[in-house]
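Inspection log for the structure reproduced underneath, given as structure tokens.
The values are calculated or read from the model by the stated rules, or taken from the named source; none is laboratory data. What you see is a predicted model, and the numbers here were worked out from it, not measured in a lab. Every residue, glycine among them, receives a Cβ derived from its backbone with ideal geometry; neighbour counts consider all protein chains shown.
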């Protein structure tokens with residue numbers, strides 16, 4: 001019995017003289033190396049991967065802008081700090097990225113929040129009363145989803161930060177008639193409803209909703225589009241070392257080599 005891999009997304013044709021090497025690779029029917037590679041950009045290829053069709057130029061431009069906005073979450077972001085912690089601790093470089101993914105997957109500014117926010121746009125629409133009712137139910141513990149705040153908003157803030165507003169304005173100009181345009185016009189009202197500031201996760205969720213990505217695809221995209229900044233910061237911190245890492249350097253004591261060897265010997269004896 002011949003074993004096959006079932007996928008309509010990807011198709012390969014083997015080389016005539018080597019069945020283990022692909023002669024042609026097709027993504028959603030498009031020849032990747034023969035047709036796409038010379039003609040499309042990163043954002044267009046991402047869109048094709050998750051939507052199985054090439055985007056219109058405006059959609060590709062929006063996705064590209066989202067990728068730029070997410071590429072470096074900033075050193076205040078827990079996922080970036082997790083990558084830096086791994087790097088300064090001399091973990092394998094892959095561990096830095098895995099740490100960033102794990103910490104960035106959560107429900108406070110993480111990928112899970114983005115997925116839920118995308119779903120909320122579909123559930124609540126542009127009805128402020130519906131958003132107000134959902135916020136009330138969350139506040140009173142009546143919502144069965146177990147969220148403690150409206151997804152896409154930051155309970156640690158009273159208003160959207162300047163970068164969040166700048167990102168929203170840029171995205172809304174690229175998609176004025178969609179969720180982004182509505183979010184730009186209704187931001188202050190929504191912040192009053194939520195009792196806190198709009199977060200970048202909410203802005204990006206609106207962009208993903210406008211681009212037609214379902215919640216699960218939005219979650220995946222949000223996870224890996226934030227990795228470049230985490231990777232770059234991890235590499236920098238690896239070069240700088242723990243002495244120039246302010247978060248725990250003062251709590252560490254450098255031991256002379258002889259004392260360090262003695263400590264390792266004592267630990268080995270206890271084990």
What number of residues within region 64-81 satisfy the criterion of being crowded, with 19+ Cβ neighbours inside 10 Å, touching a helix residue (DSSP H, G or I) at 6+ places or on another chain (Cβ under 6 Å) and assigned to a helix (DSSP H, G or I)? 5
Please determine whether any residue of region 104-127 is modelled with pLDDT of 95 or more, buried (at least 20 other Cβ atoms within 10 Å of the Cβ) and in contact with a strand residue (DSSP E or B) (Cβ under 7 Å, 6 or more places away or on another chain). no
Could you tell me whether residue 224 is under 27 Å from residue 48 (Cα atoms), part of a helix (DSSP H, G or I) and touching a helix residue (DSSP H, G or I) at 6+ places or on another chain (Cβ under 7 Å)? no
With the checklist (1) in contact (Cβ under 8 Å) with a residue 40 or more places away in the chain; (2) closer than 17 Å to residue 186 by Cα; (3) assigned to a helix (DSSP H, G or I) in hand, flag the one item residue 114 doesn't pass. (2)
Within region 37-63, can you find the residues that are assigned to a helix (DSSP H, G or I), in contact (Cβ under 8 Å) with a residue 24 or more places away in the chain and over 16 Å from residue 225 (Cβ atoms)? 58
Flagged in region 19-36 as in contact with a helix residue (DSSP H, G or I) (Cβ under 8 Å, 6 or more places away or on another chain) and assigned to a strand (DSSP E or B), in numbering order, are 24, 25, 26, 27, 30
Hey, which of the helices (runs of 4 or more DSSP H) in region 149-220, taking only ones fully inside, have at least 1 residues that are surrounded by fewer than 19 Cβ atoms within 10 Å (Cβ to Cβ) and at pLDDT 95 or above? 162-174, 179-194
Quick check, is residue 95 touching a helix residue (DSSP H, G or I) at 6+ places or on another chain (Cβ under 8 Å) and touching a residue at least 12 places away in the same chain (Cβ under 8 Å)? no
Candidates 100, 105 - the one that is in contact (Cβ under 8 Å) with a residue 40 or more places away in the chain and farther than 14 Å from residue 201 by Cβ: 100
Could you say which residue among 46, 9, 27 is out of contact with any strand residue (DSSP E or B) (no Cβ under 8 Å at 6 or more places or on another chain) and surrounded by 11 or more Cβ atoms within 10 Å (Cβ to Cβ)? 46
Could you tell me which of the residues 61, 8 is closer than 27 Å to residue 199 by Cβ and either over 18 Å from the mean Cα position of the chain (by Cα) or modelled with pLDDT of 95 or more (or both)? 61
Checked against (1) modelled with pLDDT under 95; (2) buried (at least 17 other Cβ atoms within 10 Å of the Cβ); (3) part of a loop (DSSP other than H, G, I, E, B), residue 84 satisfies every condition except (3)
Among the residues of region 145-165, are any under 18 Å from the mean Cα position of the chain (by Cα) and farther than 26 Å from residue 81 by Cβ? no
